[in-house]
Amino acid sequence: MRILTGLLLGVVLLAGIMAATSVGPASAQTRDGFVRNIIVQGTRRIDPQTIAGYLIIKQRDRFDQSKIDESLKALYGTGLFRDVSFRRQGNDLIIRVVENPIVNRVAFEGNVQINNEDLASEANIQPRTVYSRAKVEEAVRRMLAAYRVAGRFAATITPKVIPRSQNRLDMVFEIEEGDKTLVRRVSFIGNKVYSDSTLRDAINTKESAFWRFFGSSDVYDPAKLDADKEILRSFYLDRGFAEFRVLSAVAELSPDRQGFFITITVQEGPRYRFGKLTIESQLRRIDSSRLRGAVKAADGGRYSADKVQRTIVALADVAGSYGYAFVRVLPRVNLNKEAKTAAVTFVVEQGPRVFIERIDIIGNVRTRDSVIRREILVAEGDAFNTTKIRQSRRRLVNTGYFEKVDINRSAGTAPDKVRLTVEVTEKSTGELSIGGGFSTQDGPLGTIGVRETNFLGRGYDLRLSLQLSLRSSQIDFSFTDKHFLERDVAFGVDVFRIDRGYQGNFSQDSSFRVESIGGRLRAGYWLTENVRQSIVYELSNRRVKGVASSASEFIRAERGSSTTSIIGTAVTWDTRDNRFDPTDGFVVRGGSNFAGLGGSEAFYKISSNAGYWMSVSEGWVIWLLGEANHIGGIGQDVRLHERFFLGGNNLRGFEFGGVGPRDRRTGDSLGANNFWVVTAEMAFPLGLPKELGLKGRVFTDVGSAFGIDVSGPALLDRATPRVTVGFGLSWRSPLGPLRLNFGFPVAKQSLDQTQLFNFRFGVRF
């Protein structure tokens, strides 16, 4: 019995040992065995060797569960597989994969605001590439981001997969763009000195309104809101708030996802005035009086960060004029919080020697690099000169080709080298100008012109214009190469034909007509940064025709044609901050013409004009304009068609030729050998949102035209000044500039011809 019991116990013990060995060796083998073969199953397009290349565990490695897990993650990370599994079979590692399908076609449905090309660029899923869910999720995220930039935060994108044969699929993105997500309200917290409306006018983000349907200023854009923080900072710093801060700018989406409520919290702080302004110069050769004269602020004046920056630029310019190319101006601002003053010390010192290693140009699509480079006053290898770089930026802005020009610098390959990046944003340089008006002389009139100031992206200026009215017609063609033969010389050619009727009411026949046909050659070049000289030669034939039998005897004597050969020159000194919409600076021009080198006419002509612009407050600009001309015959009388006719655009309130010598019997204007006119005008805001582009204007024109070679009892020639006062409205409309003028003569002669109203309208494309 004991023997039997012992045998049974032995059997049980042996069974336990055998059971343990049936698991134990396998576990040991998992820990200590080596991979004999790696067998890949399920592949269709992908080579098994490619899969093996992604594995962390390799042939002849020990079976290591951590390496197997890492290999599994690596294969999933390739995006090539929809499913991956590992299993061990003896000493072989079996890997079974299910490949992701291939994208056969990518389509977008429901999109209108963003085209297929732009969406495809954002999605970055191309046909014949491997499909993966991660790629699709990233594509949806990027496309939604593009719609948010376009102001459509309510947009939804639903990806759909359409299976095709041979493990292919069509990828379709169904899009509901929704309406633009506009800014419903912009509120400010913490502002005490300036109202919400004033601050709303200052920033770029605007509240939605019916008149903003052409623009995008009322479309919410996070990047634009970030820029508004800096705009507010500049706004306050320029007005004396040296401690101003933007604490937060929060945009909350409305529950219906159709609009944003923006709240900007600011801390204005106290307003400061300038304390003592001093200059510490470490440059010995510079006259200290010139440095003091460059300071753009005064002790006790309102603190302005803009004046500090302008002083830095002016001091650098003075140092540059003394030959210091590597100058550095550092402002030290010391705030006295009790006295509310800001003492500023400008430290002028020799900066490190830095040279320009490379100049890169970005942002230009139409405009050639060479057109931009010729306006830049520095080149690779030159000393870094802030004055020349600033002048280069001004030259680029004044071309009129760009909405925005930035010149930034970055570190070069060595400590003494920098790289300049010229970043431009091109604007439309084509212009379709449409003008209209009404006068008691010409009646309804219209003009149409086509101009391209950057033709072929080479900087060529090409213009064709036509003017028609009941009394006149004019056609002009001009071509200008602003850098003729790759030199800083502008060369141009003009061809024109003008046929104009003079005198009388537009409903009546003209007293006479003058037809002019001719052309001219022009050249211009810079003498200095702000001074330019031009030379012109003109050859034309003018014919006085259609003289009415009731016309003045002085006009009847002018029948027939003449040929004029004119050579002339002019010099212009221009310091305006912007040639197209100046707010500061002046322009002075003087010129002379001589006729007699060929042709039938011989005379000289002297002309001069000047203008001065001054910004007296934000949005308020005053300018003064003056012009005076004289013509004299050389051995003969000055003919009718060479004389000056004053009125219209140069003396508002009077029609063209409405002022000057006149036949008292017929009332016909005879033109004058002399004329002068002075204009004072002010533009001011109307209290409307700035982006509307509406400005009011008030003006007064004073002028006279007098002197004529002919004489007789019928001649009325008085040099008495005529005076006009008036007002107007200018609108920078989405379709172009519109200007209305109402002029009221307050000093005139009995036979002068007046004109109450005129307007001009233009559209850009």
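The values are calculated or read from the model by the stated rules, or taken from the named source; none is laboratory data. All of these numbers come straight from a predicted model, not from anything done at the bench. Counting neighbours? That spans all protein chains shown, and the Cβs are built from the backbone with ideal geometry, glycine included. For the accessible areas, the whole protein counts, side chains as well, though only heavy atoms, and no ligand, DNA or RNA atoms are used. Shrake-Rupley method; radii C 1.70, N 1.55, O 1.52, S 1.80 Å.
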*For residues that are over 19 Å from Thr480 (Cβ atoms) and surrounded by 16 or more Cβ atoms within 10 Å (Cβ to Cβ), scanning just the range 398-416, find the one that is modelled with the lowest pLDDT.*
Gly412
*State whether one or more residues within the range 486-503 are surrounded by 15 or more Cβ atoms within 10 Å (Cβ to Cβ) and not in a strand (DSSP E or B).*
yes
_I need a count of the residues in the range 699-752 that are open to solvent by 30 Å² or more (accessible area, probe 1.4 Å), among the charged types (D, E, K, R) and free of Cβ contacts under 8 Å to residues at least 60 places away in the same chain._
4
_Consider the range 289-298. How many of its residues are in a loop (DSSP other than H, G, I, E, B) and open to solvent by 20 Å² or more (accessible area, probe 1.4 Å)?_
4
*Can you name every residue in the range 753-765 that is modelled with pLDDT of 80 or more, open to solvent by 30 Å² or more (accessible area, probe 1.4 Å) and of a type outside the set (A, V, I, L, M, F, W, C)?*
Gln753, Thr754
_Would you confirm, using the coordinates I've provided, whether Ala602 is closer than 20 Å to Gly518 by Cβ and free of Cβ contacts under 8 Å to residues at least 60 places away in the same chain?_
yes
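Matching residues to (1) of a type in the set (A, V, I, L, M); (2) outside any loop (DSSP other than H, G, I, E, B); (3) open to solvent by 50 Å² or more (accessible area, probe 1.4 Å):
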{"position": "Asp226", "(1), (2), (3)": "no, yes, yes"}
{"position": "Leu232", "(1), (2), (3)": "yes, yes, no"}
{"position": "Ala242", "(1), (2), (3)": "yes, no, no"}
{"position": "Ala251", "(1), (2), (3)": "yes, yes, no"}
{"position": "Asp256", "(1), (2), (3)": "no, no, yes"}
{"position": "Phe261", "(1), (2), (3)": "no, yes, yes"}
{"position": "Leu283", "(1), (2), (3)": "yes, no, no"}
{"position": "Gly300", "(1), (2), (3)": "no, no, no"}
*asked:* in a strand (DSSP E or B) and small (Gly, Ala, Ser): which single residue out of Ser197, Ser187 fits that description?
replied: Ser187
*Select from the range 53-74 the residues that are of a type in the set (A, V, I, L, M, F, W, C) and over 55 Å from the mean Cα position of the chain (by Cα) and write down the one among them that is farthest from Arg96 (Cα to Cα).*
Phe63
*Residue list for the range 459-473, filter: under 30 Å from Leu751 (Cβ atoms), in a strand (DSSP E or B) and open to solvent by less than 60 Å² (accessible area, probe 1.4 Å)*: Gln467, Ser469, Ser472, Ser473
*Considering only residues of the range 371-389 that are modelled with pLDDT of 80 or more and either open to solvent by 70 Å² or more (accessible area, probe 1.4 Å) or in contact with an Asp or Glu (Cβ under 7 Å, 6 or more places away or on another chain) (or both), which is nearest to Val424 (Cα to Cα)?*
Arg373
*What number of residues within the range 303-344 are in contact with a Pro (Cβ under 6 Å, 6 or more places away or on another chain) and outside any strand (DSSP E or B)?*
2
*Which of the following residues is assigned to a strand (DSSP E or B) and open to solvent by 40 Å² or more (accessible area, probe 1.4 Å): Ser85, Ser121?*
Ser85
*Val424 fails exactly one of the following numbered conditions: (1) over 21 Å from Ile362 (Cβ atoms); (2) modelled with pLDDT of 80 or more; (3) among the aliphatic types (A, V, I, L, M); (4) part of a strand (DSSP E or B). What is the number of that condition?*
(1)
*Taking only pairs six or more apart or across chains, which ones have beta-carbon atoms under 8 Å, a first residue in the range 655-677 that is without any contact (Cβ under 8 Å) to a residue 24 or more places away in the chain and farther than 20 Å from Val723 by Cα, and a second residue that is assigned to a strand (DSSP E or B) and open to solvent by 10 Å² or more (accessible area, probe 1.4 Å)?*
none
*Within the group Ser600, Ser549, Ser615, which residue is open to solvent by 30 Å² or more (accessible area, probe 1.4 Å), at pLDDT below 90, among the polar types (S, T, N, Q) and within 20 Å of Val710 (Cα to Cα)?*
Ser549
*asked:* Please count how many residues of the range 37-79 are closer than 19 Å to Gly90 by Cβ, part of a loop (DSSP other than H, G, I, E, B) and not aromatic (Phe, Trp, Tyr).
replied: 7
*For the range 327-355, what are the residues that are within 22 Å of Tyr272 (Cα to Cα), open to solvent by less than 60 Å² (accessible area, probe 1.4 Å) and β-branched (Val, Ile, Thr)?*
Thr341, Val344, Thr345, Val347
_the range 683-693 - residue that is touching a residue at least 12 places away in the same chain (Cβ under 8 Å) and open to solvent by 50 Å² or more (accessible area, probe 1.4 Å) and, of those, nearest to Asn609 (Cα to Cα)_ = Pro685
*If Ser281 passes every condition in (1) touching a strand residue (DSSP E or B) at 6+ places or on another chain (Cβ under 6 Å); (2) free of Cβ contacts under 8 Å to residues at least 60 places away in the same chain but one, which one does it miss?*
(2)
*Phe675 vs. criteria part of a strand (DSSP E or B), open to solvent by less than 30 Å² (accessible area, probe 1.4 Å), aromatic (Phe, Trp, Tyr) and out of contact with any Cys (no Cβ under 6 Å at 6 or more places or on another chain)*: yes
*State yes or no: is Arg358 part of a helix (DSSP H, G or I) and surrounded by 14 or more Cβ atoms within 10 Å (Cβ to Cβ)?*
no
_From the list Arg133, Arg152, exactly one residue is farther than 25 Å from Lys180 by Cβ and of a type outside the set (Ser, Thr, Tyr). Which is it?_
Arg133
*Is it true that Arg652 is open to solvent by less than 40 Å² (accessible area, probe 1.4 Å), assigned to a loop (DSSP other than H, G, I, E, B), touching a residue at least 40 places away in the same chain (Cβ under 8 Å) and not polar (S, T, N, Q)?*
yes
